[in-house]
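See structure below.
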Amino acid sequence: MSNFKILMNGIITENPTFVLLLGMCPTLATTSSAMNGLSMGLATMFVLVCSNMAISACKNIIPDMVRIPGYIVLIATFVTVVQLVMEAYMPALNASLGLYIPLIVVNCIVLGRAESFAAKNGVIASAFDGLGIGIGFTAALTLLGAIRELFGTGKLFGLTLMPEQYGSLIFILAPGAFIALGYLVAIVNKLRKV
């Protein structure tokens, strides 16, 4: 399979949010704004690319008995890097995303790609797989966050597009995340069948 096909697979065919419905906890919890969705997606993409490459490079070294714990240690290393950089350079964003950054370690998307792709393929192909899945996840979180922010507050990336009194509070709250995600999944399923 070509690297381009691997990349597009994660964005369209196996989009973790809209097709596979994986990683719903950060998807629903962090997407109250487009910036939060974008930031969470980029953090996860960094971890996906780096951990896929590291796991692919170490796949013959890690004994089969400790394969999953070994993968988790590698993933946790890159999550720690992301968290420390965010704490140092983006404290407001780090406070906004809070607990969900360390929870990337146990995100089923990251561990699933490590097990299903990186452990069976080369470093370059694994990097493209992580990038494709990461782009798909980032796009989904940003879109969901943008819809919730626009319909909830009338803003998009903090810029006012319509008066706040036209916003609906439900989109900023948890039920709005489920409603918006449900409609987006339905739209994506409809488009995939066309």
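A few notes on this one:
- Cleavage-rule hits (trypsin sites (Lys or Arg not before Pro)) in segment 68-172: DSSP loop, at most 13 neighbouring Cβ within 10 angstrom: Lys120
- By the Stokes-Einstein formula, at 1.002 mPa s and 20 °C, segment 21-64 with its Kirkwood radius over alpha-carbon pairs has D equal to 177 µm²/s.
- In the full protein context, the chain carries 50 Å² of accessible surface per residue, based on a 1.4 Å probe and ignoring ligands, DNA and RNA.
- Between helix 123-153 and the chain: long-axis angle, C-alpha atoms, 0 to 90°, nearest 10: 10 degrees
- Over the chain, DSSP H runs of length four or greater, each weighted -39,500 (n - 2.57), average out per residue to a 222 nm ellipticity of -21500 deg cm²/dmol.
- Length-normalised contact order for the chain - Cα pairs under 8 Å, 6+ apart - percent: 37 percent
- Net charge, Met35 excluded, C-beta distance under 13 Å - Lys, Arg +1, Asp, Glu -1: +1
- Folded to 0 to 90 degrees: helix 67-89 orientation relative to the chain principal axis, Cα: 50 degrees
- Couplings 3J(HN,Hα) of segment 49-56, computed from phi: 5, 5, 5, 4, 5, 5, 5, 5 Hz, in residue order, whole Hz [Karplus 6.51 cos²θ - 1.76 cosθ + 1.60, θ = phi - 60°; x for Gly and Pro].
- Here r is the Cβ-Cβ distance between Asn3 and Ala174 and R0 is 45 Å; the resulting FRET efficiency, rounded to 0.05, is 0.70.
- Around the Cα centre of the chain, unit charges on the Cβ atoms of Lys, Arg, Asp and Glu (plus for the first two, minus for the last two) sum to a dipole of about 440 debye.
- Cβ-derived FRET efficiency at R0 30 Å, Cys58 paired with Leu103, nearest 0.05: 0.80
- Alpha-carbon centroids, segment 26-65 and segment 108-150: separation in whole Å: 7 Å
The values are calculated or read from the model by the stated rules, or taken from the named source; none is laboratory data. None of these values were measured; they are calculated from a predicted model. Glycine gets a Cβ as well: all are built from the backbone with ideal geometry, and neighbour counts include every protein chain shown. Note: accessible area is taken over every heavy atom of the protein model, side chains too, but ligands, DNA and RNA are not part of it. Shrake-Rupley method; radii C 1.70, N 1.55, O 1.52, S 1.80 Å.
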